[in-house]
Amino acid sequence: MAVYRKYGVAMSKDAVFMMKLEPDLRNIFMEGVEAAHRPALQIVRDFARGFAQRQREAQGYDDFLRQKVETARLSLRAGHGRFNEEVEADFAVRRAELRRPIGEVGV
C-alpha cells in the first residue's frame, strides 16, 4: 500500500470510492472534464480536498464562535454587561447631542 503525506494527513492511494450519479449529471460532469483536459479522478480529488478544507475552516469558526458566546455568558453571569435598553438610551442621548449646533452641546 502506497502512503504519502498531503495537507498534514497520511493518505493511501489504495482506497476506493464509488459514487452513483444521475446520467444527466454524469454527462455534464464528463463534458466539463474533457473541456478542462484533466482526468475525472483528479477533479474529484480537488473537489474532495476543497470540501474537506472548507469543513475544517467551518469547524474552526464554529469553535471560535462557541468560545466567544461562552465568554459573553460568563461575563453576564459575573454581572458585567448592560441590557440593550440601557445601551439604546445612552446612545440616543449621544445622537441628540451630536445633532445640536456647536456651542449648545451639554446645555
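Values quoted throughout were computed directly from the atomic coordinates according to the rules given, and no laboratory measurement underlies them. Keep in mind that this is a model prediction, so the values were computed, not measured. Cβ placement follows ideal geometry from the backbone for every residue including glycine, while neighbour counts extend to all protein chains displayed.
Figures for the structure shown
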quantity: Residues Tyr61 and Glu22, FRET efficiency given R0 of 30 Å [Cβ-Cβ distance, rounded to 0.05]; calculated: 0.35
quantity: Total formal charge among the other residues, if their Cβ is under 12 angstrom from that of Ala92, Lys/Arg +1 and Asp/Glu -1; calculated: -2
quantity: Stretchable slack from Arg99 to Ala40, in nm (0.36 nm times residue separation minus alpha-carbon distance); calculated: 14.9 nm
quantity: Two-decimal Rg/Rh across the stretch 23-107, once Rg and the Kirkwood Rh are taken from alpha-carbon atoms; calculated: 1.45
quantity: Separation in nanometres of the label points that stand 7 Å from Cα toward Cβ, at Thr71 and Glu86; calculated: 2.1 nm
